[in-house]
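To start, the structure itself, in structure tokens.
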Amino acid sequence: MLKKVLIANRGEIAVRIIRACAEMGIRSVAIYTEPDRYGLHVKRADQSFLLGDDPLAGYLDPLRIVKLAVETGCDAIHPGYGFLSENAEFARLCEKNHITFIGPKSSVIAGMGDKTAARDSMRKAGVPITPGSEGNLADLNEALTLADEFGYPIMIKATSGGGGRGIRRCDNAVELRQQYPRVISEATKAFGSAEVFLEKCIVNPRHIEVQILADRHGNVIHLYERDCSIQRRNQKLIEIAPSPQLTPEQRDYMGNLAVRAAKAVSYENAGTVEFLLTGNEVYFMEMNTRIQVEHTISEQITGVDIVREQLRIAAGLTLSYRQQDIQYRGYALQFRINAEDPKNDFLPSFGRITHYYAPGGPGVRVDTAIYTGYEIPPYYDSMCLKLVVWALDWEDVLNRGQRALDDMRLHGIKTTANYYKQILNHPDFRSGHFNTSFVPDHPELLNYSDKQHPSAVALALAAAIAAHTGW
Ligand code: ADP
Ligand code: ADP
Ligand code: MG
């Protein structure tokens, strides 16, 4: 087994990984930059190292991180998600320095991180891909010609994109002429690559992704699917496992397809194969070669600790489960509670958390790095808490989600929590019929009141005090 792991990340995912290490008797090393001095991952790890004043540079410095791992006697690095998690150069540097990168081989990261290369390998493996350009686009003219061939609407997508950025839908040639340079400039700024490609836009699809686990000995299994159709601007807000809108045949088909995709590229460790589903048509969209934000809901329905499996796989052990051991039970929902103001175009709302009370009770899980008094730094992702609920039935998980969101108190910043209550109450969501257009199609769900209703207990207490003091 691994003895000591450096975690090249921050926030809730760093804490999640530290927790898995602690349960397995593995020592953990955290890194942080000055704005994260009071971060929970810094307090919780066995050792923590400051990597400078710049909020980001320390987390994005492959050489420094690998050197620190060597110096502190770590045998592995867990990259989490975001930051260097899909950086093939970083994985290569780990390999060169005999530090185990907890993820697939650097060549596989490179092949899958490049979305056009990934489409190519999937086409060869017989996995259906979204119709689109064969490789990257040479110029606007090629885009215009292909768009005519496939028919509008089409999407222009950054080849090295991620996190929902670098994607634009074009409904006609005028829009394509406008958007094409915008995607290129966004891709250059955000991902350091100007390469873009074209995909046919699948209208009103469902985003269905399959969690897979693969060890070094050729064993590949899937942990069923997650429905991530509730998105805003291509970013996930609420995730569901399993999807309430798949037939058993579709479920089996997609699970097997994901395993085939992983095998085709000799995948190793945990990964996610993302598909678009429309009617009975399934299209491969991309593969994320890392732990994903919403891995929690697959854990809740299968009972498999995915991070623990990642650490075991990295240590060279065989998977703890065969496919037939994986059963799913009930439904799980994850709410990404973001420090954003939905009523103000989801503007980030960073600042001090003056009061935080965690929801609890049966079937409730919270993954977060916040605490009362913590100041959310403005330099990072706005997601500050993942609220996960589980129940045996669909109806029950919806009610439990509502109850858990009611339980939670998070004061001092604006969050998306109250907005999610509106989504939970919508008949289309409750009936399990929704696609990626649900959020843009329901702007009226933003018309709610942010005022806290005083609880019955608080009202009774106020009445008792008033009666007692004559106030
Ligand atoms: P997931 O894919 O796990 O559902 P996201 O797409 O929200 O979650 O990505 C998780 C985090 O990683 C976000 O902070 C996102 O901005 C970041 N991220 C994902 N892909 C990239 C990328 N290619 N380049 C930079 N950041 C990325
Ligand atoms: P990222 O790497 O940023 O996660 P993806 O390729 O996974 O990018 O796409 C993110 C989201 O954008 C998808 O979940 C889906 O909602 C939407 N999307 C991407 N490609 C298409 C497409 N061809 N047709 C319709 N929607 C798409
Ligand atoms: Mg994606």
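Each reported figure results from applying straightforward, stated rules to the coordinates on display, with no laboratory input. The shown structure was predicted, so the numbers you read here are calculated from the model rather than taken from an experiment. Backbone-built Cβ (ideal geometry, glycine too); neighbour counts: all protein chains shown.
Size of the chain: Rg and Dmax of its alpha carbons, in Å, are 22.7, 80. Excluding same-chain neighbours fewer than eight residues apart, the lysines reachable from Lys421 by a Cα-Cα span under 20 Å are Lys236, Lys343, Lys386, Lys451.
A Cα-only calculation for segment 224-353 places Rg and Dmax at 16.4, 49 Å.
Run the numbers on the chain and let me know its relative contact order in percent, using alpha-carbon pairs under 8 Å that are six or more apart.
On the way: 968 pairs, mean separation 62.8, N = 471.
Result for the chain is 13 percent.
With Cα atoms defining each centre, segment 336-360 and segment 363-439 are spaced 11 Å apart in the structure. With the alpha-carbon atoms of segment 1-56 aligned to their principal axes, the span from lowest to highest coordinate is 34, 17, 15 Å, starting with the largest. If R0 is taken as 35 Å, the Cβ-Cβ distance between Tyr379 and Glu249 corresponds to a FRET efficiency of 0.15. For segment 26-167, the calculated P(r) over all alpha carbon pairs, in 10 Å bins from 0 to the bin holding the longest distance, is 10, 31, 26, 17, 13, 3 percent.
Could you give the distance between the Cα centres of segment 8-56 and segment 149-196, to the whole Å? Taking the Cα centre of each part, segment 8-56 and segment 149-196 sit 35 Å apart.
Of the peptides 221-232, 182-193, 113-124, the ranking by mean beta-carbon count within 10 Å, highest at the top, reads 221-232, 113-124, 182-193.
Of all aspartates and glutamates in the structure, those lying under 16 Å Cα to Cα from Lys263, and not within fewer than 8 positions of it along the same chain, are Asp120, Asp215, Glu274, Glu286.
Among the GluC sites (Glu not before Pro) found in segment 127-174, those both in a DSSP coil and sparsely packed, with 16 or fewer other Cβ atoms within 10 Å of their Cβ, are Glu134.
Cα-Cα pairs above 20 Å in segment 131-200: how many percent?
On the way: 396 of 2415 pairs.
Percent of Cα pairs beyond 20 Å in segment 131-200: 16.
The Cα-based radius of gyration and maximum Cα-Cα distance (Dmax) for segment 206-454 are 18.3, 57 Å. At 18 Å minimum axial length over the Cα atoms and a Kyte-Doolittle cut of -1.0, report the qualifying DSSP H helices in the chain, or say none. Qualifying helices, which must be both long enough and hydrophobic enough, are 11-24, 173-191, 248-264, 456-469.
Subtracting the Cα-Cα distance from 0.36 nm times the residue separation, let me have the gained length for Ser107 to Leu392 in nm, one decimal. List each step's numbers first, then the result.
Values: separation 285, 0.36 × 285 = 102.60 nm, distance 4.08 nm.
Roughly 98.5 nm would be gained on extension.
Computed on segment 4-102, with alpha-carbon pairs under 8 angstrom and 6+ residues apart, the relative contact order is 30 percent. Based on the reciprocal of the average 1/r between different C-alpha atoms, the Kirkwood radius for segment 318-416 equals 15.0 Å. Across segment 206-454, C-alpha contacts under 8 Å between residues 6 or more apart give a mean separation that, scaled by the residue count, equals a relative contact order of 20 percent. Placing a label point 7 Å from the Cα of Glu142 along the Cα-to-Cβ direction, the residues of segment 106-135 whose backbone N falls under 13 Å of that point are 116-117, 133-135. One decimal place: the segment Arg260-Glu134 gains 43.3 nm when fully extended, by the rule 0.36 nm per residue minus the C-alpha distance.
Given only helices, namely DSSP H runs of n ≥ 4 each adding -39500 (n - 2.57), what is the per-residue ellipticity at 222 nm of the chain, to the nearest 500 deg cm²/dmol?
Numbers: 16 runs with 166 residues, N = 471.
The helix contribution divided over the chain gives -10500 deg cm²/dmol.
Built from the Cα atoms of segment 4-102, the convex hull projects on average onto 5.3 nm², one quarter of its surface area.
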